[in-house]
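The structure under discussion appears below in the form of structure tokens.
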Amino acid sequence: MSDARENRAERDWRGDADGIYEELLQRLAENQPQPRLDATRRAVELLGDPHSAAPVVQVTGTNGKTSTSRMIESLLRATGLRTGLLTSPHLQRVTERIMIDGEPIDDEAFVRNAEDIRPYLLMTDAELVANDQPPLSFFEALTVLAFACFADAPVDVAVLEVGMGGEWDATNVADAQVAVFTPIDLDHTARLGRTVEEIARTKSGIIKPAASVVTAIQRIEALDELRAAAAQNEAPVAIERQDFALESTTVAVGGQLLEIRGRAGRHYREVFLPLYGDHQAQNAAVAVAAVETFLGGGSRPLDPAIVVDGLGAVTSPGRLQLIGVEPTVLVDAAHNPHGARALAAALQEYFDFDELVLVIGILHDKDARGIVRELAPAAARFHVTASTSDRAIPAAELDAIVAGETVEHAVFDAETEALDAARAWAAQSPRRAVVVTGSITLVADAMRLAQSEGWK
């Protein structure tokens, strides 16, 4: 073995991957996306267009994007295809965002591809600055890296979760064969629009000429925008409850049993989904329709065994996930009123606890009042705190919002104190449980603490 190969074999790939992440963090923050595509397009052009190396399924919406993307990827993998998956944000490590064949990309491949593309990112940065534009943002650079990783693997199909919006999101440099829409509601209103109609118009930008569209049931103003964009691009549209449907869901141990009517009319019966909530069942119906569309234009049903295997293997970290027992601790990244409403309904329908303490922390750019209002009926008490994110609403400020609800509440400056007090309260009765929610950053903090302290 040459010295170069020996040195490469001896490298600390995990440390190098963490170093690459720190390097990416020096760029414009993820919550400050630039409304542009030219920057990402220039970077992938310099790299030889890795975004065109495999067909693409692209997923946008307000809630359910990550879960639906993971379901689509799992179903495609169950057919024997080699898959790539880009999702955001991550919970523990950045490598979770780029998955190859159902697993986070290994550190060596992550680092190797990052090092390979670095000169081209810097070249793009220089061109942008010369034209009085900001250099590539965190998300733009990460998206380019994901395309490079997928081309290097290589993958047979890439599933891309939009970061924010759709029309000018960095993932939209790819021309998706199937554009998938989960439910559209109000979120990121300062950037995407103040109405559902405006937000849907921005998200409809992922519809490209001759693509196919698959959408969850939408509010009429959102559906009108999707139909208009599809008509302009001569893209056929498949709509939940009209062209496919979730026929039934039954609570089961560890999840639920579904019956789904696919686009070709086949009923997929007794399909186990190891996730909780009617919203996840609806996400599964959308995912099945998307895969039917990708593989056969919606005219050919899937082998029922593929649906059973694909959905049965799905995971969705941070979405009604059990991270602790004795007492039970669940986490859910509900970060807007629509997601909070779905969480409250799932807690009532799928669990049998008498009392719940909700440990809650919300970020500044979110509708905190709307989230608290939707969660209050499910809570015996709130433990109000702030995550480690610098975007978190201060605990005392959030507590003032919670005080407007007729629910017991206590405020904690540190999330560790809020979680310890919540677990102590829940431990007093087997009929109590803890739910951590309000932001992905608080969920991530709780998951790290649960792992380090061995809550399971």
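Since every read-out is calculated from the coordinates, none of them should be taken as a lab result. Please read these numbers as outputs of a predicted model, since none were measured by experiment. Positions of Cβ are generated from backbone atoms using ideal geometry, with glycine treated the same way; all protein chains shown enter the neighbour counts.
Scalar couplings 3J(HN,Hα) for segment 360-368, obtained by applying the Karplus form with A = 6.51, B = -1.76, C = 1.60 to θ = phi - 60°, are 10, x, 10, 8, 4, 8, 10, 7, 4 Hz; x denotes Gly and Pro.
What does the C-alpha gyration tensor say about the overall shape of segment 105-232? Classify as rounded when a/c is under 1.5, otherwise prolate if a/b is larger than b/c, or oblate. Judged from the Cα gyration tensor, segment 105-232 comes out prolate (a/c at least 1.5, a/b above b/c). Loop-located trypsin sites (Lys or Arg not before Pro) in segment 378-455 (DSSP state other than H, G, I, E, B) with a sparse environment of at most 13 neighbouring Cβ atoms within 10 Å: Arg431. What does the C-alpha gyration tensor say about the overall shape of segment 321-453? Classify as rounded when a/c is under 1.5, otherwise prolate if a/b is larger than b/c, or oblate. Rounded. A Förster radius of 35 Å combined with the Cβ-Cβ distance from Glu234 to Glu127 puts the calculated FRET efficiency at roughly 0.55.
Normalised by the residues of segment 7-312, what does the relative contact order come to in percent, with Cα pairs under 8 Å and at least six apart? Value for segment 7-312: 21 percent.
Sort out for me the Cα centre separation of segment 398-427 from segment 129-158, rounded to whole Å. The two parts, judged by their Cα centres, are 40 Å apart. Segment 38-76 and segment 276-293 have Cα centres spaced 18 Å apart. By DSSP, what percent of the beta bridges with both residues in the chain are antiparallel, rounded to the nearest 5? In the chain, DSSP labels about 35 percent of beta bridges as antiparallel.
Size of the chain from its Cα atoms: along the principal axes, largest to smallest, the extents are 60, 55, 48 Å.
Apply the a/c threshold of 1.5 to the C-alpha gyration tensor of segment 157-226 and tell me whether it is rounded, prolate or oblate. Since a/c reaches 1.5 but b/c is at least a/b, the shape of segment 157-226 is classed as oblate. Counting only lysines at least 8 places from Lys208 when in the same chain, those with an alpha carbon closer than 26 Å to its own are Lys65.
Taking the Cα centre of each part, how many Å lie between segment 354-374 and segment 208-270? Each part's Cα centre sits 29 Å from the other's. Between Ala252 and Arg269, full extension at 0.36 nm per residue minus the direct alpha carbon distance yields a gain of 4.7 nm.
Taking all Cα pairs closer than 8 Å and separated by 6 or more residues, the relative contact order of segment 321-453 comes to 36 percent. In plain terms, the chain from Glu115 to Asp413 could stretch by 103.3 nm, reckoned as 0.36 nm per residue minus the Cα-Cα distance.
Model label sites at Arg93 and Asp18, defined 7 Å from Cα along the beta-carbon direction, differ in position by 0.9 nm. Rounded to whole numbers, the Karplus 3J(HN,Hα) couplings from phi for segment 43-50 are 5, 6, 5, 4, 7, x, 6, x Hz, using 6.51 cos²θ - 1.76 cosθ + 1.60 with θ = phi - 60°, and x at Gly and Pro.
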